[in-house]
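Every number in this text was worked out from the coordinates using simple rules, so none of it is lab data. Keep in mind that this is a model prediction, so the values were computed, not measured. All Cβ positions, glycine included, derive from the backbone under ideal geometry; neighbour counts span all protein chains shown.
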Amino acid sequence: MMRLPGMVDVHVHLRVPGGEHKEDFRTGSAAALAGGVTTVLAMPNTHPPIVSRNDWNIAQEKAFSESLCDVFMYAGASAEHLDQLPALGEKAVALKLYMDQTYGPLRVEGLKALSDIARLWPKHKMLAVHAEGTSIAVGISLAAAYNRPVHFCHVSRKEEIELIAAAKQQGLPVTCEVTPHHLFLTSADAEHLGSLVDMRPTLAEQRDVDALWDHIETTIDCVATDHAPHTLDEKNAAQNPPPGVPGLESALPLMLTAASQGRLSYERVVDLMYTNPRKIFSLPEQPDTWIEVDPDAKYVFPDHPLYTKCGWSPFSDFPMQGKIRKVVFKGRDVVRDGEVLDYYS
Ligand code: DOR
Ligand code: ZN
Ligand code: ZN
């Protein structure tokens with residue numbers, strides 16, 4: 001048996017407020033625990049989005065009272081709410097800036113708004129950006145010009161990870177995460193999984209996936225899920241199915257499987273899913289919290305009924321090696337063999 005820390009997922013959509021039929025704090029945090037994750041950072045692209053101190057207070061209070069693991073709330077950047085940034089800067093764990101179009105209403109365009117946000121957001125808190133393609137170059141230039149840390153979410157393309165590697169070599173204050181779906185799926189999988197695996201960024205080519213793996217020991221700081229639950233009815237809709245896939249329950253199993261195959265070390269999995277996320281987002285210690293993993297156990301995912309309210313996974317039927325036997329959260333046993341204890345009582 002292997003004892004590892006409770007994992008940290010810095011990119012999770014828990015859908016409160018406005019999307020509670022997809023996920024809520026209780027179901028999402030149960031999914032986290034079942035996946036060996038004891039801390040999640042929740043995204044602000046809700047309905048309405050979290051762009052003011054008042055929105056943030058309401059959501060964080062709910063997260064605190066309903067969640068089974070630790071949940072820290074992002075605030076969302078909005079050109080119409082720049083006046084809220086100082087107040088949000090005292091509260092939110094980090095600011096999320098959407099530079100490209102994705103699910104939800106948050107998107108910031110134009111040099112004035114982007115520069116204002118990069119300058120106004122406190123430097124000791126992370127500015128996490130959804131940036132694809134050339135938007136990554138813009139994000140790097142904001143980090144360089146204003147000498148402030150910028151974290152790139154879900155990097156998925158060869159040219160993107162290579163540009164971030166070059167920026168890091170220049171000593172610029174940039175960090176990045178990749179998702180399990182961009183590490184384990186390609187656009188070829190979209191041919192049989194269809195709109196189920198439509199997400200932003202979209203799945204990439206094999207050359208991109210290979211490039212991400214080439215940078216797994218070096219440039220990539222974190223593995224984060226971008227857990228983006230939508231119901232199967234929504235995903236299968238003929239008109240405009242929403243982008244996104246759930247990931248909390250499959251992320252650590254996939255990374256343990258890769259470690260069992262020698263694609264990276266178990267120590268590196270811990271760097272990517274615990275040590276670096278905590279450092280980058282300045283997260284507090286969790287006392288008496290750990291997980292126990294059997295690195296030899298083989299099974300077909302999922303080996304437990306899923307806790308995410310959306311109820312499906314793009315990794316169903318994946319052969320896995322490395323089973324989460326137990327999760328201890330702040331001194332209490334909370335998961336045993338895929339079951340969140342006392343969940344239904
Ligand atoms: O696929 C995605 N889904 N990408 C995003 O950036 C947002 C997310 C969501 O909220 O559903
Ligand atoms: Zn995003
Ligand atoms: Zn996201």
**OP:** Would you please classify the overall shape of the chain from the alpha carbon gyration tensor, given that a ≥ b ≥ c denote the square roots of the eigenvalues, rounded means a/c under 1.5, and beyond that prolate means a/b larger than b/c while oblate covers the rest?
**Re:** rounded
**OP:** Would you kindly derive the ³J(HN,Hα) couplings of the range 292-308 from the backbone phi angles with the Karplus curve 6.51 cos²θ - 1.76 cosθ + 1.60 (θ = phi - 60°), listing them in order in whole Hz, with x for Gly and Pro?
**Re:** 10, 10, 9, x, 9, 5, 10, 6, 9, 6, x, 9, 8, x, 5, 8, 4
**OP:** Using 0.36 nm per residue of separation minus the Cα-Cα distance, give me the extension gain between D233 and Y344 in nm, one decimal.
**Re:** 37.4 nm
Original post:
Counting only residues 5 or more places away or on other chains, whose amide H sits under 5 Å from the amide H of R325 once H atoms are built in the peptide plane?
Top reply: E292, V293, D294
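Where does the charge balance sit around P253 when Lys and Arg score +1, Asp and Glu -1, over other residues with C-beta under 9 Å from its C-beta? Don't skip to the answer; put the middle values down first.
On the way: positive: K323; negative: E249, D303.
Its environment carries a net charge of -1.
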**OP:** Could you list the chymotrypsin sites (Phe, Trp or Tyr not before Pro) in the range 117-189 that lie in coil according to DSSP, counting only those with at most 11 other Cβ atoms within 10 Å of their Cβ?
**Re:** none
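About its Cα centre, what dipole magnitude does the chain give when the only charges are +1 on Lys and Arg Cβ and -1 on Asp and Glu Cβ, stated in debye to the nearest 20?
780
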**OP:** Pop out the ³J(HN,Hα) list for the range 93-107 in order, Karplus 6.51 cos²θ - 1.76 cosθ + 1.60 with θ = phi - 60°, rounded to Hz; leave Gly and Pro as x.
**Re:** 5, 6, 10, 9, 10, 8, 8, 10, 6, 8, 6, x, x, 7, 7
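Under 12 Å from the Cβ of K125, count the other residues' Cβ atoms, weight Lys and Arg +1, Asp and Glu -1, and hand me the total. Write down the numbers at each step before the final one.
Details: positive: K91, K96, K123, R148; negative: E90.
So the surrounding residues net to +3.
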**OP:** With an 8 Å cut-off on Cα pairs and a minimum separation of 6 or more residues, tell me the relative contact order of the range 119-256 in percent.
**Re:** 22
**OP:** Evaluate the relative contact order of the chain (contact order divided by residue number), counting alpha-carbon pairs under 8 angstrom at least 6 apart; express in whole percent.
**Re:** 20
Original post:
If we count every other residue with Cβ under 12 angstrom of F318's Cβ, Lys/Arg +1 and Asp/Glu -1, where does the sum land?
Top reply: -3
**OP:** Identify, among V223, S52, L193, the residue whose Cα sits farthest towards the positive end of the charge dipole of the chain, taking +1 on the Cβ of Lys and Arg and -1 on the Cβ of Asp and Glu, with the dipole about the Cα centre.
**Re:** S52
